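Asker: Quick one: this structure, given as structure tokens, is what I'll be asking you about.
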Amino acid sequence: MKRLLLLGGGHSEIPLIVAAKRMGYYVITTGNQAEGLGHAYGDCYINCDFSDKEAIYKLAEEQKADAICSGCNDFAYLSAAYACDKLGIPGHDSFETARKLHHKSRYRLLAESLGIITPKAKACENLQEAEEACQNMEFPVIVKPIDLTGGKGMKRCENLQDVRLAYEEAKKATREPVILIEEFVSGTNHGFSAYIQNKKVTFYFVDNEQYYRNPYLVSGASAPGDVPEDSIKRLIADCEFLADNLNLVDGILHIQFVLKEDKTPVIIEICRRAPGDLYVKLVSDVTGIDYPAYIVAAETGQKMPEPKAWKTDGYYVRHCVMGERGGYLKDVKVSEEIQPYIYDRMMWYKAGEEIKDVLKYKAGILFLHFPEEDKYRKYIGLLTELIKIEV
């Protein structure tokens, strides 16, 4: 049986682990969080920090891994690309190419050089450079680490004093020597998940993003997304242009973008790994396409047939259950009004546990289906009122 090293083992990786097992792999999960829900779905768990690329390389060598698959984390993809480079295992871009896409400062420079619409940005090594960068930008600006996701270390700043404080906080959060300062882009937030085959987009999925108390952490996604066809065509062209210029291997190319008032899509984040919080399940539920299997196949160097055309049967929502305030969790209450639309769930909260960081804590994930658009429009903005954490 072929051995697959999967970098991760949380709830987000479960669809990938299940797909890999179904494809006949002996799955070794890893990461430094032994309590991850996904480990139970694999064959073996080995405690190893997947953000340590040298450690992952050595682990893959020791375990005689035939293939490596990244989990739902940028560090995981970078380590997978590095280990595959060293071991000659197919399925990933080169490590240098991976850094160009996953490090925000490098991607901004790349996009600018290729003429892809991107926010005005500057990578800064110290606070003086950050203040000077702001002189050539319009406020508000965003201060962010170049290597983190999920809004970690990120802050919107309205003036220089905000920038000074945000810069110091970002420096504490990152492992990299630079911090990115970029102009804030106004518009609606969306995801665009594309599958690349022979440098062409053969499948794509567009969503609307929802946020709760944390303006930089996606708390929900719904589809179909409210994005016009011309905007989607621009994103497809950008993806294929990147694939051609960087010689990208087959696989996922996932984008977060802001749709401006004039319907111009501005790419904010880009990555080559699966998004977290069971996003790939949402894609499969909406389209009927086994998205986790396609992702695992690509990262293990296998060729897949082009995904079939699909048509959805309504509106789907992935909703992360988050709370209004910290405290000790008493229960999660779901209104009877919304119950008929819930078709699946994964809950992991424990009564009595402490919610220390309300901006990041999640009690679980609910999946909802609305056959009619009017019901979807009615309830999409009410979910945080109808599904509540009691503390």
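Bear in mind these aren't lab numbers, they're just calculated from the coordinates by the rules spelled out. Just so it is clear, the model here is predicted, and its values are computed rather than measured. Virtual Cβ from ideal backbone geometry, glycine too; neighbours counted across all protein chains shown.
Asker: Mind jotting down a quarter of the surface of the convex hull over the alpha carbons of segment 100-239, in square nanometres, one decimal?
Answerer: Working: hull surface 36.7 nm².
Its Cα hull, projected and averaged over all orientations, spans 9.2 nm².
Asker: Could you tell me which residue out of Val317, Pro371, Met347 lies farthest along the dipole of segment 313-391 toward its positive end? Charges go on the beta carbon: Lys and Arg +1, Asp and Glu -1, centred on the Cα centre.
Answerer: Farthest along the dipole direction, towards plus: Met347.
Asker: In addition: Using Cβ contacts closer than 10 Å as the measure, can you line up Thr30, Thr300 from fewest to most?
Answerer: Numbers: Thr30 28, Thr300 20.
Ordered by Cβ neighbours within 10 Å, fewest first: Thr300, Thr30.
Asker: What number, in nm² with one decimal, is the all-direction average of the projected area of the convex hull of the alpha-carbon atoms of the chain?
Answerer: Working: hull surface 75.1 nm².
So the Cα hull casts an average projection of 18.8 nm².
Asker: What does segment 200-352 give for Rg and for Dmax, in Å, if only its C-alpha atoms count?
Answerer: When restricted to the Cα atoms of segment 200-352, Rg and Dmax are 17.6, 52 Å.
Asker: Another question, if that's okay. For the ranges 226-235, 349-358, 41-50, what's the packing order if you count other beta-carbon atoms within 10 Å of each residue, average per peptide, and put the highest first?
Answerer: Details: 226-235: 14.9, 349-358: 12.0, 41-50: 18.3.
By packing density, highest mean first, the sequence is 41-50, 226-235, 349-358.
Asker: With a cut-off of 8 Å between alpha carbons and a minimum separation of six or more residues, what is the relative contact order of segment 39-79 in percent?
Answerer: Values: 25 pairs, mean separation 16.6, N = 41.
Across segment 39-79, relative contact order equals 41 percent.
Asker: Something else about it: In what sequence do Phe257, Phe75, Phe203, Phe241 fall when counting other Cβ within 10 Å, fewest first?
Answerer: Values: Phe257 27, Phe75 24, Phe203 20, Phe241 14.
Fewest-to-most ranking of Phe257, Phe75, Phe203, Phe241: Phe241, Phe203, Phe75, Phe257.
Asker: Moving on. Can you count the Lys pairs in segment 1-97 whose Cα atoms are under 12 Å apart, with each pair 8 or more apart or on different chains?
Answerer: Details: Lys2/Lys21; Lys2/Lys64; Lys53/Lys86; Lys58/Lys86.
Final tally of qualifying lysine pairs is 4.
Asker: Report the per residue volume, in Å³, of the convex hull enclosing the C-alpha atoms of segment 120-183. List each step's numbers first, then the result.
Answerer: Numbers: hull volume 4.2 nm³, N = 64.
Measuring per residue, one finds 65 Å³ for the Cα hull of segment 120-183.
Asker: Kindly provide the pair-distance distribution of segment 313-391 built from C-alpha pairs, with 10 Å bins from 0 and whole-percent values in order of increasing distance.
Answerer: In whole percents, the pair-distance histogram is 19, 50, 25, 7.
Asker: Okay, moving on. Mind pulling up the Rg/Rh value for segment 15-172? Radius of gyration and Kirkwood radius, both on Cα. Write out the running numbers ahead of the final one.
Answerer: On the way: Rg = 19.1 Å, Rh = 17.9 Å.
That ratio equals 1.07.
Asker: Anyone know which of Ile117, Ile267, Ile14 comes out most mobile in the 10 Å Cα GNM of the chain?
Answerer: Highest fluctuation of the listed residues: Ile117.
Asker: Compare the Cα positions of Gln210, Leu87, Leu37 along the charge dipole of the chain (+1 at Cβ of Lys, Arg; -1 at Cβ of Asp, Glu; about the Cα centre) and return the one farthest towards the positive end.
Answerer: Leu87
Asker: Let me ask another. Would you list Cys157, Cys69 from fewest to most Cβ contacts within 10 Å?
Answerer: If I rank by nearby Cβ atoms, fewest first, I get Cys157, Cys69.
Asker: Okay, moving on. Report, in debye and to the nearest 20, how large the dipole of the chain comes out about its Cα centre when Lys and Arg carry +1 and Asp and Glu carry -1 on their Cβ. Spell out each step's value before the answer.
Answerer: Working: 49 positive and 58 negative charges, 119 e Å.
That gives a dipole near 580 debye.
Asker: Identify, among Val286, Gly191, Gly225, the residue whose Cα sits farthest towards the positive end of the charge dipole of the chain, taking +1 on the Cβ of Lys and Arg and -1 on the Cβ of Asp and Glu, with the dipole about the Cα centre.
Answerer: Highest projection toward the positive end goes to Val286.
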